[in-house]
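Have a look at the structure below, then the notes.
The values are calculated or read from the model by the stated rules, or taken from the named source; none is laboratory data. Everything numeric here is computed off the predicted structure, so don't read it as measured data. Virtual Cβ from ideal backbone geometry, glycine too; neighbours counted across all protein chains shown.
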Amino acid sequence: MKQETIQESIIKKIDRRTFLKATGITTTGLVLGLQWACSPTTETSNVSFAPNVYLTINPDGSVIIVAHRQEMGTGIRTGLPMIVADELEADWKKVSLVQAVGDEAKYGNQNTDGSFSVRMFFEPMRKAGASARMMLEQAAAKKWGVDVSECKALNHEVVHSSGKKIAFGDLTEEASKLLAPADDKIVLKKKGDWKYIGKPMNLYDVPDIVKGTAVYGIDVVKPGMKYAVILRCPTAGGKVKSFSDAEAKKVSGVVKIFEMAASGFPAGFDVPQGGIVVVADTTWAALSARKALQVEWDYGVNGSYDTDAYINELKTKVKKKGDVRRSNGSIDKAINGAAKVLESTFVTQHLSHAPMEPPNATALFKDGKMELWAPVQSPQWIRDSVAANLKLDAANVTVNVTLLGGAFGRKSKPDFAVEAALIAKELEGTPVKVTWTREDDLAHDFFHACSVQQIRVALDKQNNVTGWNHRSAFPPIGGTTNTKEISPSTGELGLGVIDFPYNVPNVSCEAIESPAKTRIGWLRSVSNIQHAFAVGSMLDEIAHYRKVDPVKNLLELLGPDRMIPFNEYIEGFENYGEPLDKFPWSTARLRNVIELVAEKSGWGKELPKGHGMGICAHKSFLTYVACVVHVAIDDSGKLTIPEAHYAIDCGQVVNRNSVIQQFEGGFIFSLSGALKGGITFKEGRSQETNFDKFLVARMEDAPLVKTHVHIVENDEKPTGVGEPPVPPVAPALANAIFAVTGKRYRDLPIKLS
């Protein structure tokens, strides 16, 4: 995934006409715009002012913040406005939010993906709130005829040193006449004065969600709306040979049936797979007619895809040297001169995102313009993809973002929204909703890659680890767009392979050719899933061989505290899109979370028979995480998890509730892939097309007591928390099972025998 960084932020006062045009909100108060240049290639001198985040304070004291990131359960629609409100000294009860449409010119980068929203916008959001606060203080000073140093904003009022007060709303007219402070004149609050940042806050949208008034994509209804479903070829890249819709047309309520052109393979993320479209008065009628279609398929280049055969092929490939992406010392000398070589192979299956709300989108094409309402993570990408597919100017495409009923990376891809747009153009003037069923979702996802990894570890006569050789084979995301992309990219290997932090003198990390045979995409924590499983499990195997406690083993292998200069010996090291000098790789911070989770979990305490603990530490998306899983296995082989512990260092916390909730939910999400289900293919088709076969974690699988989340308090830059909960769970679980049974499980999902 491409990561963006902030280049510059500029605060400016916005005229009310511009604000009304951009948001549709009527206001008569103070309006501020915050401009960000989010691409490092953008020349700021050539950037015309196009405000992309708005803050307005009305005469009645109400504050409106335009949320430019999407809400899918992460709490970002609450977290970023919290930052603005804190610096503003606003009363949170008087703050309301409106959702931005997809428009890069106005709002900068809106892609809510990659766990980078807070780290990207923390400082600019603080400046936005602080600018408004300073203008209100200046307005009060003018009103009272005093020096601004005598005025201080406190809880939605400006207070004079004499004790007199004036409400924010009463200052909007005067403040709207002032210039916004220059960037170098903005005074941010001291951390000790924060009232919201770092504290627990309930999500802004929870009341509407609880009452059932929150609007998700699937809830959108427009006057005269029609409903569409698509019968797609079951294989990626397949197409229609011929079809008969005679029986389907007999279904009452059918409006139109037509063929949507197939995209072929690889086609990328921007175009739909194609198939037979059924439009009807109701979703039920559309689904009934779809069942009645008779289609002969050309299954295409992936018609023989079989995951069992594919994984067996990868198992053979990882036995041979691949394309070296990191090399320190000489792995060959370490292996050849070793007193002992440990060697293990780890396998993971494809995974589906399976959000609770499947993909859906509503579209209306009228007067040469396209408008969409959809649960999307990347509204700008959706807008641009729709424009390209329909040959429209992007200015004529509007993407209205609803709440997302889960996403995990699936809803950043544009294909389902492009489907809706293409169908809406066929029915010009009529709004059309495209709905994916659960079967559609699990059969036609952009799947998380299956993988095979081999790790060889060299040890000398004193049981010191002298060599680490990691070979990783999995179909790359790039293979979904380009047939030449047949090996994992350096960016993907930077998610848990080449960023191996342990102090081993001879290291070789290699990529193995693994061409994609189905659509591959990013899923919550991306390649960290399989890499953390392999690395975390192998480190436990080393501990067992060395007869060293697993926690002590990790701390010993980490070596001295240091900042690791990965960019000096790995060409193209991405570091999640951030420079290492601003977000360095600190072994001390990883050591700290290992020690903290060991302390909080009671690591080393005596456990009842049939109980065991496992640990894994992993850094992803710039956040340091250590996880301990406590398992119990009874005489019948039934596994339960009494409790789990995380220790996390994500820098400065914004909303404490959101951080805890992301880790609690992330643990359950991880259990699905670790214990329950994967996606397998036969004859190019997904064999798991509903929750009867693609199993997910249920209440009985959750920790019986609690998932404890222990947060490291520090002043480091904030990092992500949406994806980091996932990687360490499966290896910690597998290590805990080994502690009980003495048996290693190196394949996911784990099937206890």
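Could you grab the pairs with beta carbons closer than 9 Å, sequence gap of 6+ or different chains, first residue in the range 438-458 and under 30 Å from residue 340 (Cα atoms), second one buried (at least 24 other Cβ atoms within 10 Å of the Cβ) and charged (D, E, K, R)? Between residues of the range 438-458 that are under 30 Å from residue 340 (Cα atoms) and residues that are buried (at least 24 other Cβ atoms within 10 Å of the Cβ) and charged (D, E, K, R), the close pairs are 452/471; 453/471; 454/471; 455/471; 456/471. Annotation: residue 608 fulfils all but one of (1) under 24 Å from the mean Cα position of the chain (by Cα); (2) of a type outside the set (Phe, Trp, Tyr); (3) at pLDDT 95 or above; the unmet one is (1). The set of residues from the range 692-707 being under 22 Å from the mean Cα position of the chain (by Cα) and crowded, with 18+ Cβ neighbours inside 10 Å comprises 694, 697, 707. Only one entry of 664, 606 meets the criterion of being free of Cβ contacts under 8 Å to residues at least 12 places away in the same chain and either surrounded by fewer than 24 Cβ atoms within 10 Å (Cβ to Cβ) or in a strand (DSSP E or B) (or both), and that entry is 606.
Restricted to the range 478-502, and to residues there that are outside any helix (DSSP H, G or I) and polar (S, T, N, Q), the residue that is nearest to residue 561 (Cα to Cα) is 489.
The combined condition, being outside the structural domain of residue 669 (by TED's automatic domain parsing), out of contact with any Gly (no Cβ under 9 Å at 6 or more places or on another chain), modelled with pLDDT of 90 or more and in a strand (DSSP E or B), is fulfilled by residue 96. Listed by position, the strands (runs of 3 or more DSSP E) enclosed by the range 266-349 include none that has at least 3 residues that are of a type in the set (D, E, K, R), closer than 30 Å to residue 426 by Cα and not assigned by TED's automatic domain parsing to the domain that holds residue 530. Scanning the range 699-710 turns up no residue that is free of Cβ contacts under 8 Å to residues at least 12 places away in the same chain and either part of a loop (DSSP other than H, G, I, E, B) or under 30 Å from residue 123 (Cα atoms) (or both). When the range 513-562 is filtered for residues that are in contact with a Lys or Arg (Cβ under 7 Å, 6 or more places away or on another chain) and either at positive phi or free of Cβ contacts under 8 Å to residues at least 40 places away in the same chain (or both), the ones remaining, listed by number, are 553, 561.
Please go through (1) part of a helix (DSSP H, G or I); (2) surrounded by fewer than 24 Cβ atoms within 10 Å (Cβ to Cβ); (3) touching a residue at least 40 places away in the same chain (Cβ under 8 Å); (4) in contact with an Asp or Glu (Cβ under 9 Å, 6 or more places away or on another chain) for residue 669 and return the number of the only condition it doesn't satisfy. Answer for residue 669: the failing condition is (4). Suppose the filter is surrounded by fewer than 24 Cβ atoms within 10 Å (Cβ to Cβ), touching a strand residue (DSSP E or B) at 6+ places or on another chain (Cβ under 6 Å) and not β-branched (Val, Ile, Thr); does residue 459 pass it? Yes; evaluated as a whole, the condition is true for this residue. Taking the conditions (1) under 28 Å from the mean Cα position of the chain (by Cα); (2) more than 21 Å from residue 94 (Cβ to Cβ); (3) not polar (S, T, N, Q) in turn, residue 145 satisfies each one other than (1).
Restricting 734, 730 to those that are under 16 Å from residue 641 (Cβ atoms), outside any loop (DSSP other than H, G, I, E, B) and under 19 Å from the mean Cα position of the chain (by Cα) reduces the list to 730.
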